[in-house]
1. From a point 7 Å beyond the Cα of LYS184 in the direction of its Cβ, which residues of the stretch 240-262 have a backbone N at a distance under 11 Å?
2. Name all residues of the stretch 55-84 having a backbone nitrogen under 16 Å from the label point set 7 Å from the Cα of LEU27 along its Cα→Cβ direction, giving them as ranges.
3. Working from the alpha-carbon coordinates of the stretch 219-284, get Rg over Rh, Rh being the Kirkwood radius.
4. Filter the cross-link list LYS110/LYS148; LYS139/LYS206; LYS57/LYS110; LYS164/LYS206; LYS184/LYS206; LYS57/LYS139 down to pairs whose alpha-carbon distance in this structure exceeds 29 Å.
5. Stretched out fully, how many nm does the piece from LYS139 to PHE162 gain, at 0.36 nm a residue minus the Cα gap?
6. Order 102-115, 200-213 from most to least packed using the mean count of other Cβ atoms within 10 Å.
7. How long are the three semi-axes of the equivalent ellipsoid of the chain, in whole Å, if each is the root of 5 times an eigenvalue of the C-alpha gyration tensor, listed from largest down?
8. Counting each DSSP H run of 4 or more residues in the chain as -39500 (n - 2.57), what helix-only mean residue ellipticity at 222 nm follows after dividing by all residues, to the nearest 500 deg cm²/dmol?
Amino acid sequence: MSRIGIAISGGPNPAEIVDLVVLAESLGYESAWVAEGHGGDQFAILAACAVRTSRIKLGTAISSVYVRTAPTIAMAASSVADLSGGRFILGLGSSHKAQVGPEHGVVYTKPLTRTRETVAIVRDLIRTGRVQFNGETIKIENFDLWYKPRHPDMPVYLSAVFEKGIALTGEVGDGIILTRSTLKTAGQVRAIMDAAARKAGRDPAKLEVTSLLPTCVADTHDAAIEALRPGIAFYCGFFPRYNRMMAEHGFPTEAAAIAEAWARGDRGAAERAVSAAMIEATSIAGTPVECRARVEEYRQSGMDVPILSPFARGPDAKARFEAAIRACAPRG
């Protein structure tokens, strides 16, 4: 069966997310990933998913290394791994300076170092039950678990966009979580990640390449493009990292126009600056037939697990997620 995942970020409420993950499992999806941001506590939601499912892998995409302490991440991850019988994947990332400071009141500094240190602490704590750490961004005198984790070899995937983060994944991660990828991305990322893995004495063949892919299934191609335009405008306007990524994907004119419009508070102009070509290059959009074909193109490009990431807000969010899940369900 073709490998495919579903990611859920906001829109549906926590109970609806659990229902959607149950549906995805029944249709043969390999994995379900829950973001956090402003959409509810991801570990609580995944714990509920764990007790309602039996086969589908469950992951965070992603959990920020800033807004929880490393021991708290370890305990939350170990809990979901335990409840799911070892089906949990911990997706970690640095999130964004634009969010971490203004929204959480946490100082954002040395994101790659913070990520590396968090991975080390989480792994050590889950495997040995105790950790002491004296790093650049994290210092822990002593922390011990009062129970023995039953799944000490939990996979850890890292989110990355640019070369240094991709290389870090090859050095310490078990897989990478990309976002808004083109058909060229997987091959480019694999080369960087594999080189870093070999340099660290690790087997590149064991590393997985996944990507969150904005998804909209509609009656027509044009309707799907229009539905995805606000999400692209937000990500490219609010997050400098994604703006730069879109420029490097080959859309510097659109990226600059979106950033300028967003900076002056004109969201309408930012959305109008998003070209159809920009969406088509980095998303899964169209009729069910078109979307299934696009998923296969990503798979053929070298992506181990394409992850559908529908963009839906409002009272019909659950229905729109469900439509995408059903339309792109894997076939044996």
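Since every read-out is calculated from the coordinates, none of them should be taken as a lab result. Since this is a predicted model, take the numbers as computed values, not measurements. Neighbour counts run over all protein chains shown; Cβ positions are idealised from the backbone, glycine included.
1. Under cut-off, by backbone N: 248-251.
2. 56-57, by backbone N distance to the label point.
3. Answer for the stretch 219-284: 0.95.
4. From the list (LYS110/LYS148; LYS139/LYS206; LYS57/LYS110; LYS164/LYS206; LYS184/LYS206; LYS57/LYS139), the Cα-Cα distance tops 29 Å for LYS110/LYS148; LYS139/LYS206; LYS57/LYS110; LYS57/LYS139.
5. Contour length minus Cα-Cα distance gives 5.6 nm.
6. Highest mean packing first, the order is 200-213, 102-115.
7. After scaling each eigenvalue by five and taking roots: 30, 23, 19 Å.
8. So the calculated ellipticity at 222 nm is -15500 deg cm²/dmol.
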